[in-house]
1. Output the residues belonging to the stretch 174-199 that are in a strand (DSSP E or B) and not polar (S, T, N, Q).
2. What are the residues in the stretch 12-43 that are under 25 Å from Gly237 (Cα atoms), touching a helix residue (DSSP H, G or I) at 6+ places or on another chain (Cβ under 8 Å) and either hydrophobic (A, V, I, L, M, F, W, C) or crowded, with 24+ Cβ neighbours inside 10 Å (or both), if any?
3. Where residues in the stretch 132-154 are open to solvent by 20 Å² or more (accessible area, probe 1.4 Å) and assigned to a loop (DSSP other than H, G, I, E, B), which of them is farthest from Trp31 (Cα to Cα)?
4. Let me spell it out: the conditions are (1) open to solvent by less than 50 Å² (accessible area, probe 1.4 Å); (2) over 25 Å from the mean Cα position of the chain (by Cα), and Pro93 meets all of them except one. Which number is the exception?
5. Open to solvent by less than 10 Å² (accessible area, probe 1.4 Å) and out of contact with any Gly (no Cβ under 8 Å at 6 or more places or on another chain) - does that describe any residue in the stretch 58-70?
6. State whether one or more residues within the stretch 334-346 are surrounded by 22 or more Cβ atoms within 10 Å (Cβ to Cβ) and of a type in the set (Asp, Glu).
7. Taking the conditions exactly as written (under 23 Å from Ile303 (Cβ atoms) and not charged (D, E, K, R)), does Ala416 satisfy them or not?
8. Filter the stretch 70-87 down to residues that are under 24 Å from the mean Cα position of the chain (by Cα) and touching a residue at least 24 places away in the same chain (Cβ under 8 Å), then give me how many there are.
Amino acid sequence: MAARIEDYAMIGDCETAALVARDGSIDWLCWPRFDSGACFAALIGSRENGRWRVGAADPNARISRRYRKDTLILETDIETSRGEATIIDFMPPSANASDVVRLVVGKRGVLPVDVELVIRFDYGSLVPWITRFEEGALLAVAGPDLVVLRTPAPLRADGLAHKAAFDISAGETVPFVLSYGPSHLPAPDAIDPFAALVDAETFWRCWTASANAIGEWQEAVTRSLITLKALTYRPTGGIVSAVTTSLPERLGGGRNWDYRFCWLRDATFTLLSLMNAGYFEEARAWRAWLLRAVAGAPEQAQIMYGLNGERRLQEWEAPWLCGYEDSRPVRIGNAACSQLQLDIYGETIDALYHARRGKLRADAAGWALQCAFLAHLEQTWRDPDHGVWEMRSGPRQFTLSKVMAWVAFDRAIKTAEIFGEQGPLDRWRAVRREIHEEVCRRGFDGEVGAFVQSYGSKRLDASLLLAPLVGFLPAADPRMRSTVAAIERRLLRDGLVMRYDSGDGDDGLAEGEGAFLACSFWLVDNLALLGRTEDARSLFERLLALRNDVGLLSEEVDAGSKRMLGNFPQALSHIALINSAHNLGMAEKPAHQRSSS
């Protein structure tokens, strides 16, 4: 059985990532990319679907762990009455082959260690052909995939697994290096695991050293920035939403989605979190990925894309996987890629506007693309869509979608006014005014006392907390004050914000999900804008306490048990944390950057 979601840590090389449980089991690894088939899929299946455990033989051993400061190098301390050891796990961020390095370092006495390697390619479905390779290494091949394990540990075959048991003594180190390569090429060359450790530490420390200081919450922000960097696909600059698929929004439920893709929904907040931290190279790469991904006919723009900007993200189910804690189905791909979501036009144009405000050099083709987007949006902004939450029921007139359509025209007008670009400004201003008037008339419900999820609905939706953050209305506007108050009354569960009430079945899915962490951070931002600084800080500190022992956040949290839910680690949760920390601790605040644009 997989560990609790909060018991996992991530290691990665900026092209893919592995999840390591507290007991030393790597239960998830897709190779060679984030969105490739998993060779270890026990996270959403069972041991038989692949895992690699290196850990204490004693199940009662005391375990503690941490990331080496300012790095993505995981150190797990194991202690028993007989001895103590540290397991160092990392993936060297190299442009060559992709490797997982595990070093078992003896610290005191003698500690018995167990190893089990179960390789299953293609999401745990394919048993590879395994042979002995040079100097006793194991070579596993199935179809296009090849991995080789090099270690001095005494591995032996045991059924369809390989196992080892050995004692580690103080002063000794036993290395393991698992390397991936395409099966039609020679096996990847051996690497020096100790030199790779030095290089990995240097890489991460140099990267984090260039960040702007935040002050009070520096550790939390730095860890979130490292997580965001690790979720970035280095060859293209695309940022995946999470490294996993089908971790459930409710244990045992069916709200299980593949998040190993790049969403436009998060574009501006991502850009601001990177630029405000001083990472302009990453912001530039993200902007370039965004322009390439959406290039083409505006009506064909999607809500999400693959790592290279791929558009066909066909959704299918893997029936041989039992799902995380029996949460079925396990989905690969994401059918929401074909949904109409009008907010993406506003997100794209807003991101490009803030890139220019942040002194990223403009691209002439970028302005032409924005003009084409606006010409399309002039004709379609009145259409119903599926909304920012990717509803699998029918399309509706979602209020936030209209707000983001307003953002598209507003930012284009400001781009023309500030940077001298040419466009039909009078027409754009008229459309902007028309959208604003309609949203205020049809999106605000006087009986509810709040902006509601869609026109004619009585349903509250925490996504409307974004309205003041994108500058649609001031936070102090009476309608926004009452919306915040209504959300605090009706969508808070044990102090955490739900997206909306999923109990009415109106989203086309079965009832039940956790509190969406980004929504709680958006409430922090609103409270800060309203001058309720102590309330904002209190909620922010409460959210920081929900991070796991190595500082990672999932998409959602069960408000009662505080168990993590949803895919992990979640980029949007960490982006929201970074921006809320800046809103509370910096003079140049993301909430002001977007709301006063």
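The values are calculated or read from the model by the stated rules, or taken from the named source; none is laboratory data. Just so you know, these numbers come straight off a predicted model, no measurement behind them. Every residue, glycine among them, receives a Cβ derived from its backbone with ideal geometry; neighbour counts consider all protein chains shown. When the accessible area is computed, the model is the full protein with side chains, heavy atoms only, and any ligands, DNA or RNA have been set aside. Shrake-Rupley method; radii C 1.70, N 1.55, O 1.52, S 1.80 Å.
1. Looking only at the stretch 174-199, we keep the residues that are in a strand (DSSP E or B), and these are 174-182.
Answer for the stretch 174-199, where residues must be in a strand (DSSP E or B) and not polar (S, T, N, Q): Val174, Pro175, Phe176, Val177, Leu178, Tyr180, Gly181, Pro182.
2. Gly12, Cys14, Ala17, Leu19, Trp28, Ala38, Cys39
3. From the stretch 132-154, those open to solvent by 20 Å² or more (accessible area, probe 1.4 Å) are 132-136, 139, 141, 143-145, 150-152, 154; that's our starting set.
Subsequent filtering for residues that are assigned to a loop (DSSP other than H, G, I, E, B) retains 133, 143-144, 151-152, 154.
Details: Phe133: 20, Gly143: 13, Pro144: 11, Thr151: 20, Pro152: 24, Pro154: 25 Å.
Checking each candidate, the answer is Pro154.
4. (2)
5. First, the residues of the stretch 58-70 that are open to solvent by less than 10 Å² (accessible area, probe 1.4 Å): none.
No, that holds for no residue.
6. In the first step, residues of the stretch 334-346 are kept if they are surrounded by 22 or more Cβ atoms within 10 Å (Cβ to Cβ); the result is 334, 341-346.
Okay, now just the ones that are also of a type in the set (Asp, Glu), so 343.
Yes, the stretch 334-346 contains at least one residue that is surrounded by 22 or more Cβ atoms within 10 Å (Cβ to Cβ) and of a type in the set (Asp, Glu).
7. On the way: under 23 Å from Ile303 (Cβ atoms): no; not charged (D, E, K, R): yes.
Criteria not met by Ala416.
8. Filtering the stretch 70-87 for residues under 24 Å from the mean Cα position of the chain (by Cα) gives 70-76.
Filter once more, keeping what is touching a residue at least 24 places away in the same chain (Cβ under 8 Å): 70-74, 76.
Final tally of qualifying residues: 6.
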